[in-house]
Amino acid sequence: MKKALITGITGQDGSYLAELLLDKGYEVYGIIRRSSSFTTDRIEHLYQDPHNDPKLKLFYGDLTDGGNMSSIINDIQPDEIYNLAAQSHVRVSFDQPIYTVNTDALGTLRLLEALRKMKSPPRFYQASSSEMYGKAVETPQKETTPFYPRSPYGCAKVYSFWQTINYREAYGLFACNGILFNHESPRRGETFVTRKITRAATRIKEGLQKKLFLGNLDAKRDWGFAGDYAEAMWLMLQQEKPDDYVIATGQTHSVHEFLDEVFGYLDLDWQPYVEIDPRYYRPTEVDLLLGDPSKARKVLQWEPKVDFRGLVKLMVENDWQLARQEKLIADHNGKAAKENAS
């Protein structure tokens with residue numbers, strides 16, 4: 001039975017990858033950061049499935065603590081490591097650049113150093129990002145496109161990308177970079193623009209919210225489904241030779257178009273509800289990201305299964321159910337308050 005270690009297992013990507021690996025019969029080990037509150041909501045359903053006991057185990061750890069991470073890796077002796085942990089919010093990286101670099105850049109280096117010192121190092125996947133292209137010098141962006149990062153997050157990811165290649169070439173590690181373009185799902189964090197939109201739109205539909213504040217509506221992104229992209233991560237580590245791959249849909253849509261699709265699905269016009277807030281603009285904007293997944297299609301035999309409209313439907317239906325539940329609770333509480341007042 002293969003063993004896989006996932007950093008960032010409680011995040012969107014980590015939860016989908018854990019599902020995939022458990023379905024394939026892996027023992028899955030996850031790293032979570034110590035917190036005063038539970039952060040395992042996205043993988044709670046995996047714990048509740050008796051078939052996954054004892055194949056899913058969690059350890060406390062942090063990419064800023066190299067000694068602890070090295071100890072965990074040596075104790076588990078995994079066959080594969082997927083490094084998905086990061087400070088992953090681009091706008092936040094401008095406010096917390098040092099923390100972002102310490103986690104996203106130096107955190108990767110700490111893992112690679114731990115692997116370098118092992119007699120039989122596991123195969124390593126590094127979560128790289130389309131934000132590395134930033135002010136893109138060509139469209140679409142492919143594996144050979146030069147990087148031009150426009151945020152502390154993008155810069156940190158570029159550092160990790162080249163360190164992964166350096167350790168692969170210098171020490172013979174089986175180490176791969178997955179340059180993933182934007183990928184979303186019902187498990188996306190609510191501070192990310194796609195989930196922020198679907199969450200707000202469904203609450204507006206149910207009368208729970210009046211306004212949605214956004215930044216640049218003209219920014220264009222290549223949006224795919226996170227579950228599809230988790231499969232691509234796994235496929236990279238099953239190849240004979242390590243390499244780097246762009247994972248994308250090959251289609252781009254603006255935030256404006258995303259609004260049209262989401263509110264249209266709910267039979268609403270978004271314009272009366274959406275207001276532009278300058279606080280959500282980035283100091284340096286990334287205007288257009290469009291990936292060329294040709295190499296992944298050819299080598300990995302990978303294809304995205306969920307298209308743009310399918311992705312929107314998944315997210316809206318999930319958040320609409322949440323909004324309806326929220327409305328029921330609000331109505332119940334309102335009714336109870338009136339009864340108590342009388």
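The values are calculated or read from the model by the stated rules, or taken from the named source; none is laboratory data. Only a predicted model underlies this, so the values are computations on that prediction, with no experimental measurement involved. So basically every Cβ, Gly included, is an ideal-geometry build from the backbone, and we count neighbours across all protein chains shown. Surface areas here come from the heavy atoms of the whole protein model, side chains and all, with no ligands, DNA or RNA. Shrake-Rupley method; radii C 1.70, N 1.55, O 1.52, S 1.80 Å.
Taking every alpha-carbon pair under 8 Å whose residues sit at least 6 apart, the chain reaches a relative contact order of 17 percent.
Sequentially through segment 289-296, phi angles give Karplus couplings (6.51, -1.76, 1.60; θ = phi - 60°) of 10, 8, x, 10, x, 4, 5, 5 Hz, Gly and Pro residues having no value and appearing as x. Here r is the Cβ-Cβ distance between Leu217 and Asp75 and R0 is 41 Å; the resulting FRET efficiency, rounded to 0.05, is 0.25.
Summing charges over all other residues whose Cβ lies under 10 Å from the Cβ of Glu190, with Lys and Arg as +1 and Asp and Glu as -1, gives +3. With 23 Å as the limit, the listed pairs Lys2/Lys241; Lys196/Lys220; Lys2/Lys313; Lys157/Lys295; Lys2/Lys119; Lys142/Lys298 have Lys2/Lys313 beyond it between alpha carbons.
Summarise the accessible area of segment 1-82 (1.4 Å probe, protein heavy atoms) by the percent that is carbon and sulfur. C and S fraction of accessible area: 46 percent.
Averaged per residue, segment 1-123 has 48 square angstrom of accessible surface, using a 1.4 angstrom probe with ligands and nucleic acids left out. You can think of it this way: the chain between Glu143 and His332 has 62.6 nm of extra reach, that is 0.36 nm per residue less the Cα-Cα gap. Pairs of alpha carbons in segment 1-79 separated by more than 22 Å make up 19% of all such pairs. Over the Cα atoms of the chain, Rg to Rh with Kirkwood Rh, two decimal places? So for the chain, dividing Rg by the Kirkwood Rh gives 0.99.
Overall dimensions of segment 97-156, expressed as equivalent-ellipsoid semi-axes from the Cα gyration tensor (√(5λ), whole Å, largest first), are 26, 16, 6.
The separation of segment 288-305 from segment 7-56, counted between C-alpha centres, amounts to 26 Å. Our summary gives segment 151-287 a relative contact order of 31 percent, counting only alpha carbon pairs under 8 angstrom and 6 or more residues apart.
The GNM of the chain, with springs linking C-alpha atoms under 10 angstrom apart, assigns the highest mean-square fluctuation among Asp269, Asp49, Asp13 to Asp49.
Across segment 231-239, computed HN-Hα scalar couplings (Karplus, 6.51 cos²θ - 1.76 cosθ + 1.60, θ = phi - 60°) run 4, 5, 4, 4, 4, 4, 7, 9, 7 Hz from first to last residue, x flagging Gly and Pro.
When you work out D = kT/(6 pi eta Rh) for segment 186-332 at 10 °C and 1.306 mPa s, using the Kirkwood radius from C-alpha pairs as Rh and the Stokes-Einstein form, the result is 94 µm²/s.
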